[in-house]
């Protein structure tokens with residue numbers, strides 16, 4: 001099972017209390033009647049919590065988040081092996097790429113257990129401020145509890161608790177943080193209030209505000225319309241009725257004001273699709289219960305939550321599709337203009353009659369999550385341990401798209417793409433036994449998913465009018481197996497993991513049409529047979545992920561106080577039934593495309609007294625095989641090397657420097673049927689940071705990003721194209737006031 005971030009990442013106070021942890025975690029409290037005096041232990045020893053020794057899982061802790069002060073959740077994960085960021089430097093243009101899987105449906109993103117994925121043409125984003133987070137876990141490859149669609153992996157983000165911030169013996173606290181970045185004149189501020197008024201209640205509220213101008217690139221040119229105006233809130237309440245029972249409610253809200261943005265925020269083709277006024281409104285509500293009674297048979301966790309994402313876009317009349325600087329008397333939406341010129345009339349009067357007025361698009365995404373899991377320890381002996389994990393999951397993803405025009409005459413001539421509205425409902429059950437015998441650890445697993453796709457709104461109307469299927473049923477079973485052996489107990493471990501995953505065809509594929517679905521226009525290009533089931537039109541895309549590796553842990557290297565953690569993993573991924581290989585010839589359909597990926601991932605961590613060093617490296621190669629041609633996997637990133645070196649002296653000083661080198665990669669320059677490629681240049685980035693805390697109530701940070709002011713391109717977030725230019729040099733100043 002994927003590790004639980006909340007359980008794995010402990011509160012990271014620099015002061016330790018040698019007493020029953022009355023004010024830190026009720027789960028560990030053993031005696032509430034006697035409290036020993038507090039003893040402060042100042043230690044510069046660094047304990048690495050990043051690397052899982054037998055699974056491809058890396059955790060970014062709150063300590064790292066505080067040290068690097070990332071501007072986004074994407075920046076926080078750049079040095080995790082196998083992970084890259086696709087798209088552009090704006091938050092609305094970024095998406096996670098894990099082992100070359102970059103589609104929103106291939107990488108699951110969860111905040112406090114609630115899934116956040118959404119699909120929108122030429123736009124991406126995960127809208128949560130890193131300021132609200134205490135840990136981010138990255139799972140590379142499918143895990144049995146991740147769910148369908150996690151071919152590449154899963155991102156698990158966990159928000160802060162009051163217990164993470166309160167000092168020993170403290171009941172109430174607060175922190176104010178003020179930051180400035182000189183690249184885009186970004187001002188940020190954050191206010192946190194937290195309390196444990198009684199042992200049974202933990203409460204936290206966090207407000208964050210970020211305002212900036214346009215991002216400056218490495219050539220000192222601004223990236224047009226890349227300013228940020230965002231506000232975030234986190235309200236979290238935990239109640240502990242008993243020492244074994246906990247209820248936690250978290251509410252995360254993100255708002256981005258309506259600003260001018262490129263419609264395509266993820267690739268080099270950004271100006272071809274014009275500009276829009278875009279606003280983002282996100283809300284995530286999570287209710288989690290954990291129950292750990294004094295019995296080995298029950299370790300229960302249940303999560304119920306909803307995630308809402310609203311994307312409101314307006315294209316004002318008069319805005320052309322390529323550049324805002326272009327003038328024209330009757331410019332309007334390009335699709336309408338083209339249709340008029342080809343089919344109606346090209347006169348100014350005809351254009352004015354049909355084009356005048358704004359265009360409105362409202363995308364509403366809602367994810368409902370229910371996740372119940374229990375771990376039972378069936379037998380605990382000296383040489384033999386037997387356990388079992390069981391889980392039930394429910395996920396409903398609603399997608400509603402409304403398109404409208406200020407001028408009703410525009411509807412009659414609109415020939416553009418209208419996104420699909422519909423729901424995807426997944427019900428799943430899984431079971432994963434665990435057998436530990438002497439140095440062996442064997443973990444098999446089986447998972448059953450039942451998926452239903454349903455069209456709604458105008459999509460449903462169009463399908464009904466065309467007498468085509470609007471409801472699709474899919475059943476899939478997947479298997480997993482993990483085997484590990486301690487060659488040297490608690491030191492040297494060899495391991496192998498095998499996992500299957502699948503991705504149902506999205507509603508965009510099932511119900512795609514360029515003829516629109518408004519004013520009774522039927523769908524004519526849907527592959528679903530008229531009046532018949534659409535279940536067999538597409539096969540589900542399946543993947544098999546195989547890993548072998550070795551990890552080495554040594555807390556006293558060379559009989560010195562040197563902590564070493566090292567891990568190497570080789571993986572092979574085979575993906576079959578590629579959805580984009582679907583075709584129909586003479587009434588017969590086929591879907592024979594496949595992909596193969598091979599890669600290496602290295603993670604290393606070294607700590608000696610007040611010094612630490614980290615290194616990671618990842619390399620992926622791959623081939624796509626279509627029925628008529630073969631070419632490289634165009635979504636894989638270049639070879640990536642990350643190096644970090646830092647030191648911490650007491651509680652007052654810490655400093656770090658990091659180096660990142662990304663090798664060249666092949667990117668797609670033309671879409672099917674003619675696949676052509678070009679080479680994206682390699683690049684190097686240097687970052688550095690220093691922190692000074694004269695006392696426990698005051699701290700100052702200076703962080704330098706892209707210190708060489710390198711001009712480089714990010715990977716494209718649309719079909720492996722070239723991405724947008726990354727941000728240039730940025731010097732950030734942060735002041736923290738803690739009560």
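The values are calculated or read from the model by the stated rules, or taken from the named source; none is laboratory data. All values derive from a computational prediction rather than experimental measurement. Here the Cβ positions follow ideal geometry from the backbone for every residue, glycine too, while neighbour counts run over all protein chains shown.
Descriptive notes on the structure:
- Of the residues making up segment 279-309, those that are farther than 19 Å from residue 248 by Cβ, in contact with a strand residue (DSSP E or B) (Cβ under 6 Å, 6 or more places away or on another chain) and free of Cβ contacts under 8 Å to residues at least 60 places away in the same chain are 279, 281, 308.
- Applying the condition of being touching a residue at least 60 places away in the same chain (Cβ under 8 Å) and surrounded by 15 or more Cβ atoms within 10 Å (Cβ to Cβ) to segment 473-491 and asking which residue is nearest to residue 443 (Cα to Cα) yields 482.
- Residue 83 being touching a helix residue (DSSP H, G or I) at 6+ places or on another chain (Cβ under 8 Å), closer than 20 Å to residue 662 by Cβ, surrounded by 16 or more Cβ atoms within 10 Å (Cβ to Cβ) and modelled with pLDDT of 50 or more: yes
- Number of positions in segment 614-644 that are at pLDDT 95 or above and closer than 19 Å to residue 53 by Cβ: 4
- The residues listed here are 84, 95, 148, 72; of these, the one that is closer than 30 Å to residue 213 by Cα and in a loop (DSSP other than H, G, I, E, B) is 72.
- Long-range neighbours under 6 Å by Cβ, at least six apart or interchain, first residue farther than 18 Å from residue 732 by Cβ within segment 68-92, second assigned to a loop (DSSP other than H, G, I, E, B) and at pLDDT 80 or above: 82/99; 84/637; 85/74; 86/102
- Only one of the listed residues (648, 701, 660) is under 24 Å from residue 567 (Cβ atoms), touching a residue at least 60 places away in the same chain (Cβ under 8 Å), more than 24 Å from the chain's Cα centre (by Cα) and crowded, with 16+ Cβ neighbours inside 10 Å. That residue is 648.
- Qualifying residue in segment 228-238 (condition: crowded, with 21+ Cβ neighbours inside 10 Å, modelled with pLDDT of 95 or more and more than 24 Å from residue 278 (Cβ to Cβ)): yes
- Selection of segment 179-216 for residues being farther than 30 Å from residue 712 by Cβ, in contact (Cβ under 8 Å) with a residue 24 or more places away in the chain and outside any loop (DSSP other than H, G, I, E, B) yields 192, 194, 195, 201, 202, 203, 204, 205, 206, 207.
- Counting only strands (runs of 3 or more DSSP E) that sit wholly inside segment 527-604, those with at least 3 residues that are at pLDDT 85 or above and under 23 Å from the mean Cα position of the chain (by Cα) are 541-554, 562-576.
- Taken together, 723, 717 contain a single residue that is at pLDDT below 95, assigned to a loop (DSSP other than H, G, I, E, B) and within 21 Å of residue 84 (Cβ to Cβ), which is 717.
- Selection of segment 655-700 for residues being under 30 Å from residue 580 (Cβ atoms) and touching a helix residue (DSSP H, G or I) at 6+ places or on another chain (Cβ under 9 Å) yields only 672.
- Residue match in segment 607-618 (condition: farther than 30 Å from residue 554 by Cβ and touching a residue at least 60 places away in the same chain (Cβ under 8 Å)): no
- Filter result for residue 219 (outside any strand (DSSP E or B), surrounded by fewer than 18 Cβ atoms within 10 Å (Cβ to Cβ) and either free of Cβ contacts under 8 Å to residues at least 12 places away in the same chain or in contact with a strand residue (DSSP E or B) (Cβ under 9 Å, 6 or more places away or on another chain) (or both)): yes
- The set of residues in segment 222-242 that are part of a loop (DSSP other than H, G, I, E, B) and in contact with a strand residue (DSSP E or B) (Cβ under 7 Å, 6 or more places away or on another chain) comprises 223, 225, 227, 228.
- Restricting 707, 711, 685, 668 to residues that are touching a strand residue (DSSP E or B) at 6+ places or on another chain (Cβ under 8 Å), touching a residue at least 60 places away in the same chain (Cβ under 8 Å) and surrounded by 13 or more Cβ atoms within 10 Å (Cβ to Cβ) narrows the list to 711.
- Of note, residue 157 does not satisfy the criterion of being more than 30 Å from residue 98 (Cα to Cα) and either outside any strand (DSSP E or B) or within 27 Å of the chain's Cα centre (by Cα) (or both).
The rows are residues; the columns are (1) in a strand (DSSP E or B); (2) more than 22 Å from the chain's Cα centre (by Cα); (3) farther than 17 Å from residue 358 by Cα; (4) modelled with pLDDT of 90 or more.
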site: 246; (1), (2), (3), (4): yes, yes, yes, yes
site: 285; (1), (2), (3), (4): yes, no, yes, yes
site: 294; (1), (2), (3), (4): no, yes, yes, yes
site: 322; (1), (2), (3), (4): no, yes, no, no
site: 330; (1), (2), (3), (4): no, yes, no, no
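- Residue check for residue 143: part of a strand (DSSP E or B) and either farther than 30 Å from residue 224 by Cα or in contact with a helix residue (DSSP H, G or I) (Cβ under 7 Å, 6 or more places away or on another chain) (or both): no
- Test: residue in segment 451-458 that is without any contact (Cβ under 8 Å) to a residue 60 or more places away in the chain, over 25 Å from the mean Cα position of the chain (by Cα) and in a strand (DSSP E or B): yes
- Flag for residue 250 being at negative phi, outside any strand (DSSP E or B), in contact with a strand residue (DSSP E or B) (Cβ under 7 Å, 6 or more places away or on another chain) and surrounded by 20 or more Cβ atoms within 10 Å (Cβ to Cβ): no
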